[in-house]
1. Among the DSSP beta bridges whose two residues both lie in the range 137-270, what percent are antiparallel, rounded to the nearest 5?
2. Using all C-alpha to C-alpha distances in the chain, build P(r) with 10 Å bins and read off the rounded percent in each one.
3. Evaluate the charge dipole of the range 49-96 about its Cα centre and quote only its size in Debye, nearest 20, assuming +1 on the Cβ of each Lys and Arg and -1 on the Cβ of each Asp and Glu.
4. Hand me the trypsin sites (Lys or Arg not before Pro) from the range 417-499 located in a DSSP loop with no more than 12 other Cβ atoms within 10 Å, in residue order please.
5. Dividing the Cα radius of gyration by the Kirkwood radius, what Rg/Rh value follows for the range 371-499?
6. Once the Cβ-Cβ distance between residue 147 and residue 77 is put in as r, and R0 is 41 Å, what FRET efficiency do you end up with, to the nearest 0.05?
7. Just reorder 483, 301, 268, 351 by solvent-accessible area, largest first, 1.4 Å probe, all chains present.
8. Could you please report the charge total around residue 236, scoring K, R as +1 and D, E as -1 over all other residues with beta-carbon less than 14 angstrom from its beta-carbon?
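The values are calculated or read from the model by the stated rules, or taken from the named source; none is laboratory data. Just so you know, these numbers come straight off a predicted model, no measurement behind them. Here the Cβ positions follow ideal geometry from the backbone for every residue, glycine too, while neighbour counts run over all protein chains shown. Side chains are part of the model used for accessible areas, which takes the heavy atoms of the whole protein and leaves out ligands, DNA and RNA. Shrake-Rupley method; radii C 1.70, N 1.55, O 1.52, S 1.80 Å.
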Amino acid sequence: MTSLPDYNFQPATIKFLEQSPKKLFINNEWVEGNSGETFATRNPASGAVLAEVTLANAADVDAAVAAAQAAFPGWSQTIAAERGERLFKLAALIDEHADVLAELETLDNGKPIRVARRGDLPYVTKHLRYQAGWADKIEGSTVPVTFPDQLVYTRREPLGVVGAIIPWNFPLLMAIWKLGPALAAGNTLILKPAEQTPLTALYLADLVREAGFPPGVVNILTGPGLPTGAAMAAHPHIAKIAFTGSTSTGARIMEAAAKSNLKRVSLELGGKSPNVVFADADLSAAIRGAQWAVFSTAGQECVAGTRLFVERKVFNEVLEGLTANVEKMVVDHGFAEKVHVGPLISAEQLERVAGYITEGQQAGAEIVTGGQGLSAELKGGYFLKPTVFSYQDDSLRLVQEEIFGPVAAVTAFDDEDELIARSNATQYGLAAGVWTRDVGKAHRYAHAVQAGTVWINGYGMIDPAAPFGGYKMSGFGREMGKEAIDLYTQVKTVWVSTQ
Ligand code: ADP
């Protein structure tokens with residue numbers, strides 16, 4: 001087995017890693033798959049291989065779809081409260097195994113173990129319980145039509161087999177965001193974790209079985225976008241793809257959906273979110289907020305507040321405060337005692353982000369702190385220093401494109417009209433933040449900014465009860481809240497003659 005970092009791992013974590021290669025989970029069984037191929041998942045803090053994982057090909061997607069189709073009639077007709085009970089049981093099992101899951105998440109994704117343990121895992125089960133609670137509250141309505149002798153009512157029915165394709169930044173959480181509402185509503189599921197971070201989804205499989213879900217209700221396939229994800233997106237018997245990831249992949253999935261069976265698609269995509277500091281804000285809170293809005297996940301978060309707009313009068317003060325805070329952030333591997341910023345997910349991602357930094361400098365943006373250059377002991381992993389740019393030109397690639405790395409771009413603005421125009425001048429519209437003590441100004445901005453979520457005097461809060469999703473090219477469909485159930489159901493209208 002691979003060399004692990006110096007840490008007191010749970011025996012179950014070690015045992016799980018030793019079972020290699022990892023197989024596919026279809027019909028509540030571990031199966032070999034048809035491709036005969038595996039791929040490696042790596043620890044981004046060192047580049048070391050953690051496990052070999054089976055690569056699912058199109059035939060494996062067919063097998064998983066067949067299992068999920070066979071399970072659908074039974075599961076969709078299961079008493080709704082019973083579906084909820086299975087999900088509550090799964091949440092309890094995840095709680096029981098939380099330490100192992102957190103360790104696997106940090107090994108596979110790189111995030112600080114404290115964040116995995118106190119952030120990701122509790123939120124995973126909160127979300128699951130919230131959605132489990134919806135299972136027996138999915139109601140239709142009676143409709144007052146113009147015909148005198150007709151009773152008309154609606155039913156919210158599940159779609160069928162749902163394919164969930166998820167990214168690597170919050171691996172287990174993203175899996176549960178999809179799994180919770182999909183199963184609560186009576187669909188069956190094929191989950192494909194990102195190829196960079198398959199471990200927690202695979203660990204989840206045994207908990208799914210233990211929670212008593214019938215065979216075929218949850219199937220887990222591992223593999224990259226090509227061929228695995230693409231085969232799901234193009235499959236004629238998958239009724240819906242729930243996707244979180246990049247905007248370009250989202251567009252490809254929509255295209256495949258259009259060409260195959262017009263499957264439903266919900267897309268939670270990229271962002272380039274503005275975070276605004278007005279001069280009348282509580283500046284120390286705003287500076288801290290701006291810092292965590294980008295760097296808490298090494299910028300690998302779709303809502304990262306990567307464009308920081310600061311009112312000109314306080315520009316220098318805010319930039320200096322932010323820089324001082326950022327320079328105190330410790331970059332290290334996720335199991336280190338004191339770590340704020342973990343590694344990037346992969347060598348490719350490191351190279352991509354470094355490319356943005358170099359190009360940004362060449363194009364005239366000024367590096368205030370960060371850039372290249374790290375201590376020698378971090379050289380094996382995919383680390384990058386938290387980097388802050390100061391800029392004025394909104395057309396820079398650094399300002400327009402989602403970088404998904406620890407890079408913030410800070411600029412000055414003079415008035416509200418300019419601010420709103422510049423805030424909205426990207427293709428994205430996922431989230432925004434605004435810091436001010438002026439209530440009117442805060443709400444004016446919140447209403448004018450094109451974003452699915454706006455935080456006033458805060459940044460980054462997400463909750464199972466609060467709808468979440470994008471405007472513009474950040475996607476469509478709202479996850480969480482009751483809206484999430486709408487994503488996984490369709491409305492049937494029934495006419496009954498009462499003559
Ligand atoms: P990132 O750039 O963050 O890795 P992607 O959008 O490429 O984001 O990946 C998110 C998820 O989409 C992953 O599970 C990945 O395997 C999957 N994916 C990538 N390309 C495709 C594709 N063409 N069709 C379906 N899924 C894909």
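1. 10
2. Here the calculated profile for the chain is 4, 19, 28, 25, 15, 6, 1, 0, 0.
3. 200
4. Sparse-neighbourhood loop trypsin sites (Lys or Arg not before Pro): 437.
5. Taking Rh as the inverse mean 1/r over Cα pairs, Rg/Rh reads 1.14.
6. Step by step, r from the Cβ atoms, then E = 0.85.
7. In descending accessible area the options line up as 351, 483, 301, 268.
8. Once all neighbours under 14 Å are counted, the net charge is +3.
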